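Trainee: The structure that follows is given in the form of structure tokens.
The values are calculated or read from the model by the stated rules, or taken from the named source; none is laboratory data. Quantities reported herein were computed from a predicted structural model and do not represent experimental measurements. Here the Cβ positions follow ideal geometry from the backbone for every residue, glycine too, while neighbour counts run over all protein chains shown. Ligands, DNA and RNA are stripped out before the accessible areas are found, and what is left, the full protein with its side chains, is counted by its heavy atoms. Shrake-Rupley method; radii C 1.70, N 1.55, O 1.52, S 1.80 Å.
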Amino acid sequence: MTIAKALTIAGSDSGGGAGIQADLKTFQERTVFGMSAITAITAQNTTGVQGVYPLPLDAIASQIDSVVTDLRPFAIKTGMLFSAEIIELVADKIEKHDLRNVVVDPVMIAKGGASLLQQSAVNMLKKKLLPLCEVITPNIPEAEELTGMKLQTMEDRKKAASYLYDLGARHIVIKGGHSETNELVDLLYDGEKFIEFVHERIATKHTHGTGCTFSACTAAELAKGASVVQAVETASEFVHAAIKHTLNIGSGHGPTNHWAYRKQEVMI
């Protein structure tokens, strides 16, 4: 029996709703053995980010090398990388170890508005990391930052996806959580066709960690051998269930419910 393994390279969320913690919870829920390389430690809860403390480059490099030389992952998920130097290091390690099924979540802004990616890092992400990724999963504000476009319509999102494809990403998912429509549409582009994953919009402020969870679920499914379309479809369903069956904890933007999809499957 082959055990699917996935590695998350991301920041730590002390509140447990996003970052490394959300990724490992998602991997476990999708029956994938999860491993981690922490890029930064955040002091964080549902009300916001109180501090960001990047790790030294050699500490990040050592974590990645330790994992991939012994427990080679079938998929990689990158989250909060914070600086141009960390992005360059991670990209170099992906190339050096010939890592595949790379899912990039271009974490830029926390739910409460705190910046989680230095401005100088955006160009490095586009130049070094996008050409290595199988899937990139920006939300609308992140896609706007990456492309310099204002995304108000679905046609705008399609143009942005095409732009990111031309930069080297093999598949682009522009998530619909920040749109103002009644339906939430996650848009997937593979360079030839667009696929829409549509859900009802749920009125709630408890959406902390949805981006991390979406990308982690996508990576988990790829680690198990799913196609990109299958992986993104499962991730879209997983996050929708996590929002729908909210936990209602914390006084700010509360975390999503990582076990909701599994319980929903059991009920079906």
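Trainee: Considering every residue within region 94-110, establish whether at least one is free of Cβ contacts under 8 Å to residues at least 12 places away in the same chain, open to solvent by 40 Å² or more (accessible area, probe 1.4 Å), among the basic types (Lys, Arg) and on the phi < 0 side of the Ramachandran plot.
Mentor: Taking every residue of region 94-110 in turn, at least one turns out to be free of Cβ contacts under 8 Å to residues at least 12 places away in the same chain, open to solvent by 40 Å² or more (accessible area, probe 1.4 Å), among the basic types (Lys, Arg) and on the phi < 0 side of the Ramachandran plot.
Trainee: Looking at Leu7, Leu57, Leu81, Leu24 in this structure, which one is aliphatic (A, V, I, L, M), open to solvent by 40 Å² or more (accessible area, probe 1.4 Å) and within 15 Å of the chain's Cα centre (by Cα)? Steps first, please.
Mentor: Numbers: Leu7 fails: open to solvent by 40 Å² or more (accessible area, probe 1.4 Å); Leu57 fails: within 15 Å of the chain's Cα centre (by Cα); Leu81 fails: open to solvent by 40 Å² or more (accessible area, probe 1.4 Å).
Every option except Leu24 fails the conditions.
Trainee: Now a separate question. Checking Ala22 against (1) in a helix (DSSP H, G or I); (2) among the small types (Gly, Ala, Ser); (3) farther than 17 Å from Ala235 by Cβ, which test does it fail?
Mentor: Answer for Ala22: the failing condition is (3).
Trainee: Sort out which residues of region 68-78 are farther than 14 Å from Ile20 by Cα and either at pLDDT below 95 or open to solvent by less than 20 Å² (accessible area, probe 1.4 Å) (or both), and write them in order of number.
Mentor: Those that are farther than 14 Å from Ile20 by Cα and either at pLDDT below 95 or open to solvent by less than 20 Å² (accessible area, probe 1.4 Å) (or both): Val68, Pro73, Ala75.
Trainee: One residue is enough: does region 59-75 have a residue meeting the conditions within 27 Å of Leu222 (Cα to Cα), touching a residue at least 24 places away in the same chain (Cβ under 8 Å), assigned to a strand (DSSP E or B) and of a type outside the set (Ser, Thr, Tyr)?
Mentor: Within region 59-75, one or more residues are within 27 Å of Leu222 (Cα to Cα), touching a residue at least 24 places away in the same chain (Cβ under 8 Å), assigned to a strand (DSSP E or B) and of a type outside the set (Ser, Thr, Tyr).
Trainee: Also, quick follow-up: Among the candidates Ala260, Ala220, single out the residue that is modelled with pLDDT of 95 or more, of a type in the set (Gly, Ala, Ser) and surrounded by 18 or more Cβ atoms within 10 Å (Cβ to Cβ).
Mentor: Details: Ala260 fails: modelled with pLDDT of 95 or more.
Only one candidate qualifies: Ala220.
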